[in-house]
Amino acid sequence: MKTIKSYQTLTIVFLFLIGVVNYLDRSALSIANTSIQKELAITPGEMGVLLSAFSVAYAFSQLPLGALIDRLGSKLALGGSLILWSLAQGAFGLFSGYSHMIGLRILLGIGEAPVFPSAAKALSEWFDTQERGTATGWVWSSTCIGPCLAPPLLTLFMVHLGWRGMFILTGVIGLVLAACWLKFYRSKAQYMAATGRVEPLAQQPVKAPRLRWAAMFKERNTWGAFLGFMGVIYMIWLNLTWLPGYFEREHGLDLYRTAWVVSLAYLCGAAGTIVAGKACDRLVARGMKSLASRKLMVILGLIGGALFTLIVAYTTNVVACVILLCLTMFFISISSATAWMIVNTIVPSERVASFGSIQNFGGYLAGSIAPILTGFSVQQSGSFSSAFVISAVVAACSALAYFTLLKEPVQKVPVAEAGVRVAG
């Protein structure tokens, strides 16, 4: 029988791999963009709609799916999610009809929507507050490692298998991973029930009164997370969608050099998520309250990202811009990982997915606006300077939302008296 430590490690590894596959699959259409347009005679405008179909479906699926995840649990929710989006991903390589392809991209967005709320829920079950930061940092590094690996790996698949084969192969990889997750992953409650283990009652999570989903919008913390995460995802999506174009347009880098620069920026982002987790756990170990440690790191990340983005807006040296944008990705990734640590700090485990989905909805509303607003800004001004300034202002406003709206959750149930009970 595996130990709790073994299952904790298995949980981190599984969630990291699922996160990487998640970003590989959502990036595949961008990599195959030109080939698909040529083969199927799709116009740039139609491709734009095809690209946006995923993000719109992803954003609007967050709200209804959050409550469903809390009901099903992370194992079934994440396993079902992975199967659904992998089928949609693989099927994309089999169809040529434009309307069918749009439908499959929408299905991909719906399928991927539960991933990170489910991951946050799984981590809240397996890790205590004082060690949850490091675990979250490692898992959320997948959001940077995935985009870093996507260009070389997917291009390799496409060179040898064609764009259709690339979609089919990545879909199969997801299905294999889903089978492994459903076979080997257990929630902590399942583990404790199977082993008959007991825990001190005081270690059990405090049960919150049952709260209707809509009532969460009346809570101040909900709006703090909702508005705060907008700045995080706005900056991430600006860089995700426009960073290659920025280096090509403003600095004349070719595609090869641009790919290396973008990969370096995402590696710095991965480092930021890991640093965020370790820093939060260390602050808690030194006596700082959990939410205070998270607020400090998420605000520092947003302010740091805003500051370096603002400097980029007025910098012309290409080497300096590369360094500054790597620092931007480092700091904004600190905020991204810490924002999800906030979710499982201010609500109990049974509400983590619902709360996380509301936060994610706010973030991806802003994320959907970022590439459009950036495009119009560049078109009107002829440079990226104003777009970077706007991004810095959005990030600063989000930092203010976190600072003013987040507060320590009220302890509704007194600390349990000493005693034991069977967990699960």
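Here, each number is a calculation from the coordinates, and none is a lab measurement. Just so it is clear, the structure is predicted and the values come from calculations on it, not from any experiment. Note that we place each Cβ from the backbone using ideal geometry, even for glycine, and neighbour counts take in every protein chain shown.
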- Treating the beta-carbon of each Lys and Arg as +1 and of each Asp and Glu as -1, no other charges, what is the dipole magnitude of segment 4-405 about its Cα centre, to the nearest 20 debye? 1120 debye
- Message: Starting from 0.36 nm per residue, how many nanometres of slack lie between LEU94 and GLU46 once their C-alpha separation is accounted for?
- Response: 15.4 nm
- Message: Just to confirm the number: angle between the C-alpha axis of helix 98-112 and the first principal axis of the chain, 0 to 90 degrees, nearest 10?
- Response: 30 degrees
- Item | Which labelled figure in (1) 20.2; (2) 29.7; (3) 45.8 is mean projected area of the Cα convex hull in nm², once derived from the coordinates | (1)
- Item | Entries in LYS218/LYS407; LYS5/LYS278; LYS75/LYS218; LYS183/LYS278; LYS121/LYS183; LYS218/LYS295 that, when Cα-Cα distance is taken, lie over 24 Å | LYS75/LYS218; LYS183/LYS278
- Could you work out the helix-only [θ] at 222 nm for the chain, with each DSSP H run of four or more residues adding -39,500 (n - 2.57) and the total divided by the number of residues, to the nearest 500 deg cm²/dmol? -28500 deg cm²/dmol
- Separation of the THR195 and GLU248 label points, Cα + 7 Å toward Cβ, nm: 5.2 nm
